[in-house]
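Asks: Starting off with a structure, shown below.
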Amino acid sequence: MSKKKCAMLIMNELFHPATDTARLDTSKVENHILTVQNPEQAIALARQLKEQGFGAIEVCGAFGEQLAREMYLATDCTIPVGYVTIPEDQLKQAFAFWKEDM
C-alpha cells in the first residue's frame, strides 16, 4: 500500500521554490513542505499536486480563503485546501509581527 501524500505550502516572494522545500515522512504519510512566490505559482502547483497524487493541501495565512478556494478549483475540486486563520482578538499582534517582514 502506498503512502498518502500531503502538502503544506508557504508563500513569500523571497522563496526559491525549486530548493526551498522539505519532506517529513511517517509510516503512512509523505508530508511535503513546499514554497511559492505568488498566487499564480500556488494555483499552478495545486494542479501539479493533483497530477502527482496528493490528497490534501494546507496553506499558510498569506493565502487566505479566496486563494485557497481558487487552488481547490484548480484541482477540479478533488483536493481539499485548508488555510490558516487567526482569531480576531489576535489579529493586531499578527499584523504587527508580519508587518516587520514586509
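The values are calculated or read from the model by the stated rules, or taken from the named source; none is laboratory data. Because the structure is predicted, anything quoted here is derived from the model rather than measured. Reconstructed Cβ throughout: ideal geometry from the backbone, glycine too, with neighbour counts over all protein chains shown. For accessibility, only protein heavy atoms count, side chains too; no ligands or nucleic acids. Shrake-Rupley method; radii C 1.70, N 1.55, O 1.52, S 1.80 Å.
Asks: Using a Gaussian network model of the chain whose springs link C-alpha atoms within less than 10 Å, name the residue from Lys92, Lys50, Lys28 with the highest mean-square fluctuation.
Replies: Answer for the Gaussian network model of the chain: Lys92.
Asks: At Gln66 and Lys4, where each label point lies 7 Å from the Cα along Cα→Cβ, what is the point-to-point distance in nanometres?
Replies: 3.1 nm
Asks: Here's another thing I want to ask about it. Provide, for the chain, the number of lysine pairs with alpha carbons under 30 Å apart, each pair being eight or more places apart or on different chains.
Replies: 7
Asks: Follow-up question, since we're still on this one. Convert each backbone phi in region 47-58 into a coupling constant with the Karplus relation 6.51 cos²θ - 1.76 cosθ + 1.60 (shift: θ = phi - 60°), then list the ³J(HN,Hα) values in order as whole Hz, x for Gly and Pro.
Replies: 4, 5, 4, 4, 5, 8, x, 6, x, 8, 10, 10
Asks: Running a GNM on the chain with Cα contacts under 10 Å, which residue among Ala62, Ala44, Ala18 ends up with the highest mean-square fluctuation?
Replies: Maximum among the listed residues: Ala18.
Asks: If you bin every alpha carbon distance in the chain into 10 Å steps from zero, what whole percent lands in each bin?
Replies: Once binned at 10 Å, the Cα pair distances of the chain give 15, 45, 31, 9, 1.
Asks: On to the next question. Looking only at Leu49, Leu24, Leu67, which one moves most when the chain is put into a Gaussian network model with springs between Cα atoms under 10 Å?
Replies: Leu24
Asks: By how many nm would the segment from Asp76 to Ala94 lengthen if fully extended, with 0.36 nm per residue of separation less the alpha-carbon distance?
Replies: Value of the extension gain: 3.2 nm.
Asks: I'd like the accessible area for Cys6, computed on protein heavy atoms only with a 1.4 Å probe and all protein chains in place. Round to 10 Å², please.
Replies: Its accessible surface works out to 30 Å², give or take rounding.
Asks: On to the next question. Considering the Cα trace of region 1-43, what is its radius of gyration and what is Dmax, both in angstroms?
Replies: My reading of the Cα-based Rg and Dmax gives 11.8, 38 Å.
Asks: Then there's this: Could you give the Stokes-Einstein D for region 49-102 in µm² per second, using the C-alpha Kirkwood radius, 25 °C, 0.890 mPa s?
Replies: Roughly 196 µm²/s, to the nearest whole number.
Asks: Counting only helical runs of four or more DSSP H residues, what would the 222 nm mean residue ellipticity of the chain come to if each run contributes -39,500 (n - 2.57) and the total is spread over all its residues?
Replies: -10000 deg cm²/dmol
Asks: With every protein chain left in place, what is the accessible area per residue of the chain in square angstrom, probe 1.4 Å?
Replies: Result: 70 Å² per residue.
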